[in-house]
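Undergrad: The following block contains the structure, expressed as structure tokens.
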Amino acid sequence: MLVIRGGRVIDPGRLDGVHDIWIESGRIVRIGNMDEHAEPGDENADVIDASGRIVVPGLIDMHVHLREPGYEYKETIATGCAAAARGGFTAVCPMPNTNPVNDSAQVCRFIIDQARSCGAGVKVYPVGAISVGLAGRELAEYGELKSAGAVAFSDDGNPVTNGQLMRRALEYAKGMGLPVISHCEDLLLAGKGVMNEGTFASRLGLAGIPNAAESVMVCRDVALCELTGGRLHIAHVSARESVEIIRHAKQRGIKVTAETAPHFFTLTEEAVGMYDTSAKVNPPLRSAADRDAVREGLADGTIDVIASDHAPHSTVDKDVEFDAAANGISGLETSLGLSLALVKENVLSMADLIEKMSVAPARIIGKENGIFEGAVADMTIIDPDSSWIVRADSFCSLGKNTPFDGWELNGRAVMTIVDGGVVFDASKSGL
């Protein structure tokens, strides 16, 4: 038996108070006060002192890139899961842009089997491809992918430029009861851009990407979602126009959800500095007005989810000239620390943050996640006051590409529990 004692338990809409939690055989068997509800055998339990800390349903990152199969020099499922556990995540959803692409049951099962065998303990819920080979020409076999374990469909990394194909994707996914995750990018508008379009890009002599490259496709996909009645989830929202489109769609009752990443509510285009490739992402870091609009969208519920868009790369991909550098930030190990700043800055309450990093992702991918008697014991214990320095060279992830290296963050996961077992313990990790 495992007992988590004296923590502030936050499960939005269900619990918010100091409680003890008893775990046995991988499930929560009791919630209460240890002194008042002591039973024979409690004295032999393993007790975790969570006083001064926050106990929440396990964090879920519904947008990560684990790179395996095909790009193991960037990341493996084992190293990605280790990074997730350290970041406080009990589950992650890897995108299908692997090699081979996750457009078949064989690849989907391989990813799940690798996750089970790697020993990191984190649950992996793969996202299957919308189209065969991410080529945007024909739909993948959705029934086969769902049976193999896929929880959503996406061509992330590639936009679905064919509107008719996107319509069919939403219709077929609706029949499967699963969402379509859209990478919204008009490739012709984006052109050869490598950062946000504006005066800063002009000063650096870099080709820019306008906000419309994202928002035009958001508008199209919202219209298709309304037409089909399907479930649409907009990935990595970065532009203020996109936030406004999604806000109006929700007001009209369209079944759209959305996510953003910590770099979009923390940084602006100026983080590119003097051609710093660690700040090169797609969509790009945008203006201060866009960053503020994303924060407002989080605050008012327009944006449902915070996801890291963990995109690890090797130095071969990043230590090159800016135009040629790969897009992406290795984000699993900094996501929670950066997101906790929203609570300290009164953008979100702690319960709102947990909703966006735990409850909402679980709801969107159709997984149960919560703290109640009988529930699977997937939990994250957070120290909201722990101050720490980001050291990229100490990441569990193979990807050390982050613009946050050297930043001081406040708050972190100190323990990650999956199926009642501790998969990460900061006190035993030298942290």
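Undergrad: By how many nm would the segment from ARG14 to ASP49 grow when fully extended, if each residue of separation counts as 0.36 nm and the alpha-carbon distance is taken off?
TA: Working: separation 35, 0.36 × 35 = 12.60 nm, distance 2.21 nm.
Length difference between fully extended and current span is 10.4 nm.
Undergrad: Ok, one more. Would you mind classifying the chain by shape? Square roots of the alpha carbon gyration tensor eigenvalues, ordered a ≥ b ≥ c; an a/c under 1.5 is rounded, otherwise it is prolate if a/b is larger than b/c and oblate if not.
TA: Numbers: a/c = 1.63, a/b = 1.41, b/c = 1.15.
Verdict is prolate for the chain.
Undergrad: Using +1 at the C-beta of Lys and Arg and -1 at the C-beta of Asp and Glu, which of SER51, PRO100, VAL64 has the Cα lying farthest in the positive direction of the dipole of the chain?
TA: Most positive-ward Cα: PRO100.
Undergrad: With a cap of 14 neighbouring Cβ atoms within 10 Å, and only residues DSSP puts in a loop, list the GluC sites (Glu not before Pro) found in the range 317-384. Working shown, then result.
TA: Values: sites: GLU321, GLU333, GLU345, GLU355, GLU368, GLU373; in loops: GLU321, GLU333, GLU345, GLU368, GLU373.
Passing sites in the range 317-384 are GLU321, GLU345, GLU368, GLU373.
Undergrad: Ok, one more. Pairs of alpha-carbon atoms within less than 8 angstrom and 6+ residues apart define the contacts here; what relative contact order does the chain have, in percent?
TA: Across the chain, relative contact order equals 19 percent.
Undergrad: Nearest 0.05, what FRET efficiency do ALA207 and HIS248 give at R0 = 30 Å with Cβ-Cβ as r? Don't skip to the end; give the middle numbers.
TA: Numbers: r = 31 Å, r/R0 = 1.02.
Efficiency computed from Cβ-Cβ geometry: 0.45.
Undergrad: Measuring from label point to label point, each 7 Å out along Cα→Cβ, what is the ARG363 to TYR73 span in nm?
TA: Each label point is offset 7 Å from its Cα along the Cβ direction, giving 4.3 nm.
Undergrad: What pairs from LYS146/LYS174; LYS255/LYS367; LYS74/LYS356 go past 20 Å between their alpha carbons? Present the calculation step by step, with values, prior to reporting the outcome.
TA: Values: LYS146/LYS174 12 Å; LYS255/LYS367 18 Å; LYS74/LYS356 28 Å.
Those over the limit are LYS74/LYS356.
Undergrad: Here is a further query. Whose amide H sits under 5 Å from the amide H of ASP405, counting only residues 5 or more places off or on another chain, with H placed in the peptide plane?
TA: Here nothing satisfies the definition.
Undergrad: Need one word for the range 354-410: rounded, prolate or oblate. Basis is the Cα gyration tensor (sqrt eigenvalues a ≥ b ≥ c); a/c below 1.5 gives rounded, then a/b vs b/c decides. Mind showing how you got there, number by number?
TA: Values: a/c = 2.71, a/b = 1.99, b/c = 1.36.
Prolate is the answer for the range 354-410, as a/c is 1.5 or above and a/b outweighs b/c.
Undergrad: Using a simple charge model, +1 on the beta-carbon of Lys and Arg, -1 on the beta-carbon of Asp and Glu, nothing else, what dipole does the chain show about its Cα centre, in debye to the nearest 20?
TA: 840
Undergrad: How many nm separate the modelled label positions at SER429 and GLU171, each set 7 Å beyond the Cα in the direction of the Cβ?
TA: Here the answer is 4.6 nm between the modelled labels.
Undergrad: With label points built 7 Å along Cα→Cβ from the Cα atoms of ASN162 and VAL316, find their separation and express it in nm.
TA: 3.2
Every read-out reported here was derived from the displayed coordinates using simple, explicitly stated rules and does not represent laboratory data. Treat the numbers as computed from the prediction; the structure is a model and nothing was measured. Positions of Cβ are generated from backbone atoms using ideal geometry, with glycine treated the same way; all protein chains shown enter the neighbour counts.
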